[in-house]
Amino acid sequence: MRLPPAVTIVARSGTGKTTLLEKLIRELTARGWTIGALKHDAHKFEIDREGKDSWRMTKAGATVTTINSSEQSATMRRHDLEPKIKEILERDFREVDLVLTEGFKASDLPKIEIHRHTLGQPLLCRGEHHDPHLVAIASDTKINLDVPVLDLNATDAIATFIERTFLK
């Protein structure tokens with residue numbers, strides 16, 4: 001079974017990565033695709049709540065703890081080193097058509113960078129650092145670059161670009 005394609009949305013903090021991802025997930029799902037979502041968090045986070053049974057099991061030493069119900073499940077995995085993105089995709093995302101990720105700017109995944117002119121910040125993937133994995137920019141202003149520049153406010157056009165590039 002092949003791995004689904006994965007595309008990561010990158011940008012500086014406060015640029016609207018999650019907002020764009022929400023819109024893309026809605027749009028691509030409405031078009032009939034099954035979408036997986038993966039967020040990179042550079043900080044330590046706690047998904048479980050102190051005192052709950054699953055939290056207690058994890059704190060007792062379980063390496064993998066899964067909570068399951070008739071509608072959803074969640075799995076927490078403890079690890080000493082952060083897993084590689086490919087390992088996460090192989091383990092958790094085989095049943096979807098496409099994985100959209102947020103962050104992972106140091107990865108070799110194809111990237112769409114968000115740029116907002118009003119924030120006055122330089123691009124991450126074209127500037128000091130030339131990322132060969134950049135496939136497009138989603139911007140609120142016209143930019144002349146070596147990759148397509150998509151209208152940040154036209155979610156349908158960004159979704160169409162993703163479909164044509166990664167799904168068909």
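Things worth noting here:
- Amide H partners (placed H, <5 Å) of residue 35, local residues excluded: 97
- What the Cβ-Cβ distance of residue 166 and residue 53 gives, at R0 = 41 Å and to the nearest 0.05, is a FRET efficiency of 0.55.
- Using a cutoff of 8 angstrom between alpha carbon atoms and counting only pairs six or more residues apart, the relative contact order for the chain works out to 32 percent.
- Debye intensity ratio in log₁₀ form over the Cα atoms of the chain, taken at each q of 0.08, 0.10, 0.13, 0.14 Å⁻¹: -0.29, -0.44, -0.72, -0.81
- For trypsin sites (Lys or Arg not before Pro), the sites in the stretch 71-108 that DSSP calls loop and that have at most 13 other Cβ atoms within 10 Å are 78, 84, 94.
- Order of 38, 81 - criterion: other Cβ atoms within 10 Å of each residue's Cβ, fewest first: 81, 38
- Helical segments meeting 18 Å axial Cα length and Kyte-Doolittle -1.0 threshold in the chain (DSSP H): 17-30
- Computed from the C-beta positions of residue 31 and residue 130 and an R0 of 30 Å, the FRET efficiency is 0.40 to the nearest 0.05.
No value in this document is a laboratory result; all are computed from the given coordinates. Just so you know, these numbers come straight off a predicted model, no measurement behind them. Cβ sites come from the backbone with ideal geometry, for glycine too, and all protein chains shown count toward neighbours.
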